[in-house]
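S.K.: Below is one structure. I have some questions about it.
The values are calculated or read from the model by the stated rules, or taken from the named source; none is laboratory data. The structure presented is a predicted model; accordingly, all values stated were derived computationally and were not measured. Please note: Cβ atoms are built from the backbone with ideal geometry, for glycine as well, and neighbour counts cover all protein chains shown.
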Amino acid sequence: MSEATSELYSWRASIIKKQLMALTGLMMCGFLLVHLAGNLLLLKGSDVFNQFAYLMVNNPIIIGLEWLLLLVFLMHTTIGFRLILENQRARTKAYAVRSTVARGSKFAFISMSVTGPLMMVFIIVHLFDLKFGSEYLVVQSDLEVRDLYRTVVEFYSSEVNVAIYIAAMCATALHVQHGFWSAFQTFGLSHARYNRLVELSSDVFALVILIGFGMIPIYFLLGYS
């Protein structure tokens, strides 16, 4: 294989990886919105949320989607780490080339390699603290279900837990703000007529994630359960 052919192959492989990174990222953005909608049911009280949680772990379709989400997550993180290592070896900025950063979001651009690993650690800890950490049981509609609502209320009664959660949501908002915008750039959907709309959409999406997820622990910390 000639040097030119090798470089062309490497360039095409890099483009494919970035496109897969963008696609899986957008899929997880969709999951964040669905997850937020489910979390907002906490504000409806224990009966509603526990019933929702019960359906989530006993519906075979949902279970299948969770396995798909896990695959998407692993693909996204694996490709992300590979791109970071490749870009470091090539002495370039991580996640995208500098020329694509046209919106003045250099801080978000540089921080992708920092917020990504932080989010991965948070997700793992969060799953064990809440999704798999509930030991309480309650009877609802003649069914014995996990009292996940009580677990959440107790978890968010701690100022430290709330502070860590909100810090994680800030990292998540920063990550998706740049990632959402960058995905459109990766797919070549960049046009002067629509760039501002995409930028605004990414800002709004990040705010929805930050405020939506962030207000829930504050709600419980203030004793509104």
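S.K.: Give the residues of segment 190-214 that are within 22 Å of the chain's Cα centre (by Cα) and either of a type in the set (Val, Ile, Thr) or loosely packed, with under 14 Cβ neighbours inside 10 Å (or both), sorted by residue number.
M.R.: Listed by number, the residues that qualify are Leu197, Val198, Leu200, Val204, Leu207, Val208, Ile209, Ile211.
S.K.: For residues that are buried (at least 16 other Cβ atoms within 10 Å of the Cβ) and not polar (S, T, N, Q), tally how many sit in segment 32-71.
M.R.: Here the count works out to 7.
S.K.: Take segment 191-225 and flag every residue that is more than 19 Å from His35 (Cβ to Cβ) and touching a residue at least 40 places away in the same chain (Cβ under 8 Å).
M.R.: Within segment 191-225, Asn195, Glu199, Leu221, Ser225 meet the criteria.
This table checks each residue for (1) aliphatic (A, V, I, L, M); (2) modelled with pLDDT of 95 or more; (3) within 24 Å of Phe187 (Cβ to Cβ).
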{"position": "Met27", "(1), (2), (3)": "yes, no, yes"}
{"position": "Leu40", "(1), (2), (3)": "yes, yes, no"}
{"position": "Lys44", "(1), (2), (3)": "no, no, no"}
{"position": "Asn50", "(1), (2), (3)": "no, no, no"}
{"position": "Met56", "(1), (2), (3)": "yes, no, no"}
{"position": "Leu71", "(1), (2), (3)": "yes, yes, yes"}
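S.K.: Then there is this: Take the residues in segment 140-163 that are in contact (Cβ under 8 Å) with a residue 12 or more places away in the chain and either among the aliphatic types (A, V, I, L, M) or at positive phi (or both), then tell me which one is surrounded by the fewest Cβ atoms within 10 Å (Cβ to Cβ).
M.R.: Ser141
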